[in-house]
């Protein structure tokens, strides 16, 4: 089967969604499919096109399983919604033009959101090439942007909501990461058409349990950053507007007297400068830039406790893929998230950590102190999380699920309609 993929990031780009889509593509290739990936030039880490990829709007490369076409992403400041929308439009336009001339004609088109416009582009390309369309949703947009206060103009919200529902209603299938997101999408589909024919499938993001596994805490990452002998509380990932990382800085300030505890924020993003300023007087806070993907297992292993702090309302529309990586590394999690959402349910079901309500500094610090002072509980939680993730979200299982779905959707389109 020939599969056309449109996505905002792909290896070697370090974005979490790029890691996810790369694994999906590799899994589908291993199952015998040919693919053409249309994506952006690598830009995530520095929010600018990486130096070695600059100079051309479009680059293409052949692979053993097909082709990768990379187009300019037109990166802008994430906090400038208007500029970001124009950047997405430029990327989407270039990606659409490249996808339209894909040879041979695809049997199915798969697009990943966000950004939301890529769903409209994937749908347009699929219709032009007479192929079925599968829409992969990582975060529900515009819900996340509205919760963050990034979208306030009612006209823009109305237009984005229309585009979201239109994309869902005209997809042959929509894939989401959790039951919460499935309910969100199905509710919107029913509001548009009570007898909608779109298939909504829950397929969680994978975690590579072979590459990411429990390892010793004492490693070169700790030595490089002066963390030897410390109890390390870590946030690893995008330092953006969705995360309540002020909780981490507040906890570090409340525990300044604990010389045996260090707080690490490993990553980068639009909120980094503000956090660095807020923590400028705190000797127990260490900021570390993004590390190469091959060091992910070592980075995760260096922590004793990982934190997943999402702002209020966002856990209903987003499932951080870092959660599964932390479980694979055998480390406990402290999550500050909305109750009875996918992150909360997963941690409780796995016995892999503690959950507190979002943006509640007192509860967050109290739970963190409990974990810091209970090394036996931490070890038990980490082991329990590892056992849970081994049987649930392996790359092979996720690839098989996508293969079954795409094959079924393509076959249904080819089947004569009577």
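Every number in this text was worked out from the coordinates using simple rules, so none of it is lab data. Everything quoted here is computed from the prediction, not taken from an experiment. Quick reminder, even Gly has a Cβ in these numbers, built from the backbone with ideal geometry, and neighbours come from all protein chains shown.
List of remarks:
- Taking the longest Cα principal axis of the chain as reference, the axis of helix 117-128 is set at about 20 degrees.
- Ranked by the mean number of other Cβ atoms within 10 Å of their residues, highest first, the peptides 310-322, 260-272, 287-299 fall in the order 310-322, 260-272, 287-299.
- Distance from the Cα centroid of the stretch 14-69 to that of the stretch 175-219 is 22 Å (rounded to whole angstrom).
- Fully extending the segment from residue 53 to residue 158, taken as 0.36 nm per residue of separation minus the present Cα-Cα distance, adds 34.1 nm.
- Sites residue 224 and residue 31 - FRET efficiency at Förster radius 35 Å, r taken between beta-carbons, to 0.05: 0.35
- Extension gain from residue 287 to residue 61, taking 0.36 nm per residue of separation minus the Cα-Cα distance: 77.8 nm
- Residue of 130, 56, 386 that the Gaussian network model of the chain assigns the largest fluctuation, springs spanning Cα pairs under 10 Å: 56
- Looking at the stretch 220-390, the DSSP beta bridges with both ends there are about 5 percent antiparallel.
- Whole-number percent relative contact order across the chain, with pairs defined as alpha carbons under 8 Å at least 6 apart: 14 percent
- Option label - Cα Rg over 2.2 N^0.38 Å computed here, alternatives [x] 1.03; [y] 0.98; [z] 0.88: [y]
- Cα-based helix-to-principal-axis angle, 375-390 vs the chain, degrees rounded to 10: 10 degrees
- Note on the chain: helix-only mean residue ellipticity at 222 nm, from DSSP H runs of 4+ residues weighted -39500 (n - 2.57) and normalised by residue number, equals -12500 deg cm²/dmol.
- DSSP beta bridge pairing in the chain, given as percent antiparallel to the nearest 5: 15 percent
- GNM remark for the chain: springs join alpha carbons under 10 Å apart, and the peak mean-square fluctuation among 97, 41, 334 falls on 97.
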